[in-house]
Amino acid sequence: QKPILLQGHERSITQIKYNREGDLLFTVAKDPIVNVWYSVNGERLGTYMGHTGAVWCVDADWDTKHVLTGSADNSCRLWDCETGKQLALLKTNSAVRTCGFDFGGNIIMFSTDKQMGYQCFVSFFDLRDPSQIDNNEPYMKIPCNDSKITSAVWGPLGECIIAGHESGELNQYSAKSGEVLVNVKEHSRQINDIQLSRDMTMFVTASKDNTAKLFDSTTLEHQKTFRTERPVNSAALSPNYDHVVLGGGQEAMDVTTTSTRIGKFEARFFHLAFEEEFGRVKGHFGPINSVAFHPDGKSYSSGGEDGYVRIHYFDSQYFEFEFEA
């Protein structure tokens, strides 16, 4: 089966994300457009219009009522998923780099960039308290002095968030007190992406140091490493197989300085336990910026520097494949 090509952006894709059921796929890019698609056939369901700059991040809550987006226009916005109506606009002093709903969908967090004299912060809002939204006053704001946050997700049960930094460090911040609960440094360079497993017990990081790594989401204990020859922009865990998919390639500014070997921009599949690569999928012209597994594990999607999103359905060989160690 050929991949389904989604053409809804004029600029590089920054993030793609399925909702919990997997019937919808949300895509954002370095243009101001937020798109939502039916994942089964690639039909565009609609757009969320309002941002005026690149959109760095997107998330949907567990019952797909609300959508959250963060942008370089110095805002984080909450949308009604079904109608496309903007429900809240939270202004910030710098670009919003990461955003996410907690497991219950009541609390949102987002992190802002360190730029133009402003430091990096993580802000937490409780959507059940309208005054926080109306007054743009988060119930907690954690300053992040040392190295800015480049990727962040909610940990299990919404008790903490797991943040990856420009320095390669990982921090677990308490969503109650804001203190750092755990700090580890297993990567030598920036962490570009963090994605949890379906059961939230582990997560995979993607780093500029050419590796993706698997961690325990409670202790942040490092468990596995997946090595490549170029920066990893995104990594995702299969919900029903011991597989991880990696997407990467170099940044645009580095492209001319390296070998032009074709196949630089394939999605690469690794076995979780053996840390061995077992497959590659071609498709994008240029680096892959975001990958995501469908919640049923039968397909995955990738978003590229080329502005396209591709939905790939696995063939029968993939499901019959036995790994020979």
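The lysines within cross-link reach of Lys141, meaning a Cα-to-Cα straight distance under 20 Å and a gap of 8 or more places when in the same chain, are Lys91, Lys114, Lys176. Ellipticity at 222 nm from helices only: DSSP H runs of n ≥ 4 in the chain, each -39500 (n - 2.57), divided by the residue count, give -500 deg cm²/dmol. Looking at region 1-72, the chymotrypsin sites (Phe, Trp or Tyr not before Pro) that sit in a DSSP loop and have at most 16 other Cβ atoms within 10 Å of their own Cβ are Trp62.
Quick one: pull the percent of accessible area on region 4-320 belonging to carbon and sulfur, 1.4 Å probe, ligands and nucleic acids left out.
Here it works out to 48 percent.
For the chain, the calculated P(r), taken from all Cα-Cα distances in 10 Å bins from zero up to the bin holding the longest distance, is 6, 28, 38, 23, 5, 0 percent.
Take the Cβ-Cβ distance between Glu322 and Leu157 as r, set R0 to 51 Å, and report the resulting FRET efficiency rounded to the nearest 0.05.
Plugging the Cβ-Cβ distance into 1/(1 + (r/R0)^6) gives 0.90.
So which lysines can Lys65 reach, going by Cα to Cα under 20 Å and dropping same-chain residues fewer than 8 places off? Straight-distance partners of Lys65: Lys17, Lys85. Annotation: aspartates and glutamates with alpha-carbon distance below 18 angstrom to Lys298 (same-chain offsets under eight excluded): Glu21, Asp23, Asp199, Asp242, Asp315, Glu320, Glu322. Loop-located trypsin sites (Lys or Arg not before Pro) in region 198-241 (DSSP state other than H, G, I, E, B) with a sparse environment of at most 14 neighbouring Cβ atoms within 10 Å: Arg198. Between region 14-35 and region 52-81, how far is it from one alpha carbon centroid to the other, in angstrom? When both Cα centres are located, 9 Å separates them.
The values are calculated or read from the model by the stated rules, or taken from the named source; none is laboratory data. Keep in mind it's a predicted model, so treat the numbers as computed, not measured. Using ideal geometry, Cβ is built from the backbone for each residue, glycine included, and neighbour counts are taken over all protein chains shown. When the accessible area is computed, the model is the full protein with side chains, heavy atoms only, and any ligands, DNA or RNA have been set aside. Shrake-Rupley method; radii C 1.70, N 1.55, O 1.52, S 1.80 Å.
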